[in-house]
Amino acid sequence: MSKFLKSIMLVLIALTANASENQLNFSFNGGQNDVQVLAKEIEVTKYKQESYEGTCYNQVPYQDEECGYETKYRQECSYRTGRNVCHTEYERQCRYETKYRQRCTTGPSRQVCRDVPGQRICRDVNGRRVCNQRPGRRVCETKPGRQTCRREPYQDRVCNSRPVQRCVWEPGRNICRDVPYQDYVCRTVTKYRSEPYSCTKQRTVAYKDTENVTHKVKVEYIGAIDKADANFELSFANEMKSFQTVVENLNEESTQINFQVTDFNEVQDYNYESTLKVEFFDLDKARAPILVEPKKVEVSKKGKFELEVSNLEGVESLKTEIVIYDKEKKKLHFKKTLELLSFKKTQLSNGNILLTGELKEHGFEKIKKTLFGPFEKARKLKVTLTIFPLDSTVPGQELKSVTHTLNTEAEL
């Protein structure tokens, strides 16, 4: 039993009653482009202008009196007698005051001497006491001269601000203000009333008619065309302006299909064109990375990384998350996602590939001996490798990453 792709683009509201007459069925033609055309005579809805007798209205002016209270203003004034208007100003005043400062002078230095008497110095030499007489000497030192200070007068300029009252005579004058009040006012205004009269009006009326309608669908195929095998069903509706697309994937083990309708336009009356873009996604290529099998891994204490893998043929990308931690202490040494195909590749005699790279270039920290393990020869490590499939934008893509766990030892 065939399985249908679940992703369906619905551009219409409902299919017409006789679906078989409004369908295009075709298969993938093995190329990159295809053109499918549905042409038939169908009943369409048209519109026309129709005259009918109705009622129109004229706006006739007339005069009417309106009354109400309005806010007006009157001026009220009062006389203010002349007066002195005073304010305080500050004047800067300066004067000289006699102040005193201390001035000191130092006299000449002098030499003070004293006599140091001689003394007898004894010590034991080879079991006998030996004494010597040190002669007296005169010791002199220089002492600074005496400091003499006196008070010396000087003139200093001292300034401060003094308040001064100043007044200006302001002559008498009238002070006026606007005072609101309510006044009842009547005015003659122009108003309008509607007067009906018979007239001819126009309206839009829908009616049914038959037309030869054509819808050309340009089909564009991209992606893994060499693996593609599919049947298509286009069901037209909305007077053949739109269609619903259903795709049957005949090679769903190796491909997935994505499609969308674009570029709809009306070339002329009842002549439409659309583009159906179909992309075949290669599942075998997407699965290739997750089918790679890591066989053995080695990690040095400085981060040299060697991974032996099989099934690498046809793999275009090997994006892998590498996690390295102590097997016993669970300490994390490295965690990062890298493209392993950027590492050096070496063909081994058993047919496998050895991938070699330096993890220290990506943040690996050197593995060090512990404080209490000076005689530690090697560190047991656990390495997890999570390999991701190729990215796919196809709806329903269900490929998942695969994680492998390997053990190794780093020599210290």
Legend entry - Sole exception among (1) open to solvent by less than 30 Å² (accessible area, probe 1.4 Å); (2) over 31 Å from the mean Cα position of the chain (by Cα); (3) more than 20 Å from Asp282 (Cα to Cα) for Val315, by number: (3)
Inset, instruction - Determine the pairs where a residue that is farther than 16 Å from Glu339 by Cα and open to solvent by 100 Å² or more (accessible area, probe 1.4 Å), located within the stretch 349-372, has a partner that is of a type in the set (D, E, K, R) and assigned to a loop (DSSP other than H, G, I, E, B) with Cβ atoms under 7 Å apart, the partner being 6 or more residues away or on another chain. - result: Lys366/Lys301; Lys366/Lys302
Inset, instruction - Kindly list the number of the only condition in (1) open to solvent by 50 Å² or more (accessible area, probe 1.4 Å); (2) touching a residue at least 40 places away in the same chain (Cβ under 8 Å); (3) in contact with a strand residue (DSSP E or B) (Cβ under 9 Å, 6 or more places away or on another chain) that fails for Lys285. - result: (3)
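State all residues of the stretch 74-99 that are of a type outside the set (D, E, K, R), part of a strand (DSSP E or B) and under 30 Å from Pro171 (Cα atoms); if no residue qualifies, say none. Explain how you work it out, then say what you get.
Of the stretch 74-99, the ones of a type outside the set (D, E, K, R) are 75, 77-79, 81-82, 84-88, 90, 93-94, 96, 98.
Then drop every residue that is not part of a strand (DSSP E or B), which leaves 75, 77-79, 84-88, 90, 93-94, 96, 98.
Answer for the stretch 74-99, where residues must be of a type outside the set (D, E, K, R), part of a strand (DSSP E or B) and under 30 Å from Pro171 (Cα atoms): Gln75, Cys77, Ser78, Tyr79, Asn84, Val85, Cys86, His87, Thr88, Tyr90.
Scan the stretch 204-219 for residues that are open to solvent by 70 Å² or more (accessible area, probe 1.4 Å) and either of a type in the set (Ser, Thr, Tyr) or under 52 Å from the mean Cα position of the chain (by Cα) (or both) and jot them down. Quick ask: steps written out before the conclusion?
If we filter the stretch 204-219 for residues that are open to solvent by 70 Å² or more (accessible area, probe 1.4 Å), which is where we start, we get 204, 207-208, 210, 212, 216, 218.
Listed by number, the residues that qualify are Thr204, Tyr207, Thr210, Lys216, Lys218.
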Legend entry - Odd one out for Ile322, checked against (1) within 30 Å of Lys368 (Cβ to Cβ); (2) free of Cβ contacts under 8 Å to residues at least 40 places away in the same chain; (3) buried (at least 19 other Cβ atoms within 10 Å of the Cβ); (4) of a type in the set (Val, Ile, Thr): (2)
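Taking the stretch 240-262 as the search range and keeping residues that are open to solvent by 50 Å² or more (accessible area, probe 1.4 Å) and at pLDDT below 90, which one is nearest to Gln23 (Cα to Cα)?
Glu252
Return the residue satisfying two criteria in turn: it lies in the stretch 56-87 and is β-branched (Val, Ile, Thr) and open to solvent by 70 Å² or more (accessible area, probe 1.4 Å), and of such residues it is modelled with the lowest pLDDT. Break it down stepwise before answering.
Of all residues in the stretch 56-87, those β-branched (Val, Ile, Thr) come to 60, 71, 81, 85.
Now restrict to residues that are open to solvent by 70 Å² or more (accessible area, probe 1.4 Å): 71, 81.
Details: Thr71: 93, Thr81: 90.
Filtering first and then ranking leaves Thr81.
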Inset, instruction - Would you point out which residue out of Val139, Val168 is assigned to a strand (DSSP E or B), loosely packed, with under 10 Cβ neighbours inside 10 Å, of a type in the set (A, V, I, L, M) and in contact with a His (Cβ under 9 Å, 6 or more places away or on another chain)? - result: Val168
Inset, instruction - Kindly list the number of the only condition in (1) over 60 Å from the mean Cα position of the chain (by Cα); (2) under 30 Å from Gln59 (Cβ atoms) that fails for Lys201. - result: (1)
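Determine if the stretch 111-119 includes at least one residue that is within 60 Å of the chain's Cα centre (by Cα) and either basic (Lys, Arg) or surrounded by fewer than 10 Cβ atoms within 10 Å (Cβ to Cβ) (or both).
No, there is no match, as no residue in the stretch 111-119 is within 60 Å of the chain's Cα centre (by Cα) and either basic (Lys, Arg) or surrounded by fewer than 10 Cβ atoms within 10 Å (Cβ to Cβ) (or both).
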Inset, instruction - Would you mind stating whether Gln147 is polar (S, T, N, Q), at negative phi, open to solvent by 100 Å² or more (accessible area, probe 1.4 Å) and touching a Gly at 6+ places or on another chain (Cβ under 9 Å)? - result: yes
Inset, instruction - Report, by residue number, each residue of the stretch 104-128 that is in a strand (DSSP E or B), among the hydroxyl-bearing types (Ser, Thr, Tyr) and touching a Gly at 6+ places or on another chain (Cβ under 8 Å). - result: Thr106
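If you check Val60 against the conditions, is it under 60 Å from the mean Cα position of the chain (by Cα) and part of a strand (DSSP E or B)?
Numbers: under 60 Å from the mean Cα position of the chain (by Cα): no; part of a strand (DSSP E or B): yes.
No, not satisfied.
The values are calculated or read from the model by the stated rules, or taken from the named source; none is laboratory data. Computed from a predicted structure; not experimentally measured. Here Cβ is always computed from backbone atoms with ideal geometry, including for glycine, and neighbour counts include all displayed protein chains. Heads up: the accessible areas ignore ligands, DNA and RNA and are worked out on the full protein's heavy atoms, side chains in. Shrake-Rupley method; radii C 1.70, N 1.55, O 1.52, S 1.80 Å.
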